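Student: Here's a structure for you.
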Amino acid sequence: MAYKSFPSFFLTLLLITFSLMCNNINAVGARLLLETALPEIPKPELPKFELPPLLKPELPKVELPPLSKPELPEIPKPELPKAPELPEIPEPKLPKKLEVPEIPQPELPEFPEPELPELPEFPEIPKPELPNLPELPFSPHLPEIAKPTHSTSNP
């Protein structure tokens, strides 16, 4: 049984296809313009244009009157009022060194040296003997591989 209505996605697919085709036509046209050879046109020779020399106008020298230094008005010095006289304070003197009476050192009684008790004699413990290990069989000598004569870092 067929669909009676036109599928909606088909219209969007058709629009995308036509837009891609239009871009391809522009690319082909641009390539054709780039590949076509243009005829060479001779360059026209222009005459050299020379400007007439410009006249320098002579200006009269301007003489300015000499400038005088500006005079500043004198500013009177302000008179400061005298500071009131302060009474003289005598310098403080440190008192003489106080005499501190010597305190006698306390005498400690002499104690007898303590006697340490003698330690009992400990019996000697024999050292344990380790059993002899069996000798391992001699391992066979591996053959040496020949070293390569060419470089192995670069192929």
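The values are calculated or read from the model by the stated rules, or taken from the named source; none is laboratory data. All of these numbers come straight from a predicted model, not from anything done at the bench. Note: areas computed on protein heavy atoms with side chains; ligands, DNA, RNA excluded. Shrake-Rupley method; radii C 1.70, N 1.55, O 1.52, S 1.80 Å.
Student: Highest GNM mean-square fluctuation, the chain, Cα pairs closer than 10 Å: which of 81, 90, 143?
Tutor: Looking only at 81, 90, 143, the biggest GNM fluctuation is shown by 143.
Student: Taking every eigenvalue of the Cα gyration tensor of the chain, multiplying by 5 and rooting it, what semi-axes result, largest first, whole Å? It would help to have the intermediate numbers written out before the result.
Tutor: Values: eigenvalues 2064, 1479, 255 Å².
Rounded to whole Å, the semi-axes are 102, 86, 36.
Student: At 1.4 Å probe size, with the rest of the protein present, what percent of the exposed accessible area of segment 1-127 is carbon and sulfur atoms?
Tutor: Details: 11080 of 16920 Å².
So the carbon and sulfur contribution to the accessible surface is 66 percent.
Student: I'd like the accessible area for residue 36: 1.4 Å probe, protein heavy atoms, all chains in place, Å² to the nearest 10.
Tutor: That residue has around 80 Å² of solvent-accessible surface.
Student: Per residue, how large is the accessible surface of the chain? Use a 1.4 angstrom probe and give square angstrom.
Tutor: Details: 20580 Å² over 155 residues.
Dividing the accessible area of the chain by its residue count gives 133 Å².
Student: Considering the chain as a Gaussian network with a 10 Å cut-off on Cα pairs, which listed residue, 48, 69, 82, attains the greatest mean-square fluctuation?
Tutor: Residue with maximal mean-square fluctuation among 48, 69, 82: 48.
Student: In a GNM of the chain with a 10 Å cut-off on Cα contacts, which of 120, 95, 66 has the highest mean-square fluctuation?
Tutor: 120
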